[in-house]
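The next block holds one structure in the form of structure tokens; read it before the comments.
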Amino acid sequence: MAALPAIIPGEVVAIVPGVRRVTAPNPGVMTGPGTNSYLIGDQLGDGGLALIDPGPELDAHRDILLKTVGDRLRWILCTHTHRDHSPLARALKAATGAQVFGFGITPGDGRQDEAFAPDHALRHGDVVTCGAYRLRTVHTPGHASNHLCYLLEDHGLLFTGDHVMQGSTVVISPPDGDMQAYLDSLEGLLTLPVTRFAPGHGFVIETPQDEVRRLVAHRLKREQKIFSALKAAGPATLEVLVRHAYDDVPERIHNVAMRSLHAHLLRLERNGHAVQAAGQWRAR
């Protein structure tokens, strides 16, 4: 099955031998073309299949996944518990009897799939054997404290969930999101034997190390711009600072940008470069 020139929700697309992508019909500012679900296992044969990130509770996505897996789904693995990634696990488990794997839920911040209940709780370095395939967990907190990537061993393919997205930067939303943890987790990817990223949103990334370095540089450049805005406009609220520090993004997404702005400010505060008082921030 040849890769398509665009991501079309519901299309089953082979990305490498043994791995197929099905994108949910939930496109948007936060999700790009939609949330990617990945099926792992031989397309032809009677072996079991694994599914990474079942996706949101949408009937159309559930139906295409069930049609594709038939009676072969055995393992469901979730990268994290944001509502566009894990909720469909419940319906798929009920329909197929597959076992659910994941880190577990984090303290509620209003953005979590709080009903998520994995049959098997995973931690960094755990290996899930899915027939002839082995998936090694890589704990990558930052976007979410319970975020896991999965390395398909002997294939060099890393399923990155929302840790790395193609065509967009990841929103870091405190209190569960943490900018320092995110940067550290990005740097950690450079130590892995990875040749490609399969992201939770967008196309496969063929130059993973370059992408990691680009993302780190982008975040640090943004943080310098935030610090400059602090010196020029502070003391100031997030609403004021976002207009200076994110003047290169459309105003309609400033509410989203303020989350990452807050995460950068908390990192600056932790490093002794910013101070907050009564909802206002200033440079230190």
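All of the numbers you see were taken from the coordinates with simple rules; none came from a lab. Computed from a predicted structure; not experimentally measured. Counting neighbours? That spans all protein chains shown, and the Cβs are built from the backbone with ideal geometry, glycine included.
Table for the structure above
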read-out: Surface/4 of the Cα convex hull for the chain, nm²; value: 14.5 nm²
read-out: Straight-distance crosslink candidates among lysines, where the alpha carbon sits under 20 Å from Lys93 and sequence neighbours closer than 8 are dropped; value: Lys67
read-out: Fewest-first ranking of Arg243, Arg123, Arg196, using other Cβ atoms within 10 Å as the exposure measure; value: Arg123, Arg243, Arg196
read-out: Net charge over other residues, Cβ less than 12 angstrom from the Cβ of Leu135 (K, R count +1; D, E count -1); value: -1
read-out: Estimated FRET transfer efficiency (Thr195, Arg243; beta-carbon r; R0 45 Å; 0.05); value: 0.65
read-out: Cut-off 20 Å (backbone N to label point 7 Å along Cα→Cβ of Asn255), residues of region 167-205; value: 169-177
read-out: For peptides 175-182, 254-261, sequence by mean Cβ density within 10 Å, most packed first; value: 175-182, 254-261
read-out: Beta bridges by DSSP in the chain, antiparallel share as percent, to the nearest 5; value: 70 percent
read-out: Selection from Val194, Val212, Ser228, by position along the positive dipole direction of the chain (Cβ); value: Ser228
read-out: Rounded tilt (10° steps) of 254-270 against the dominant C-alpha axis of the chain; value: 70 degrees
read-out: In sequence order, calculated HN-Hα J values of region 218-223 (Karplus, 6.51, -1.76, 1.60; Hz; x Gly/Pro); value: 4, 5, 5, 5, 5, 5
read-out: C-alpha long axis of helix 179-189 to longest principal axis of the chain, angle in °; value: 50 degrees
read-out: Reachable lysines from Lys231, criterion Cα separation under 27 angstrom, eight or more residues apart if same chain; value: Lys221
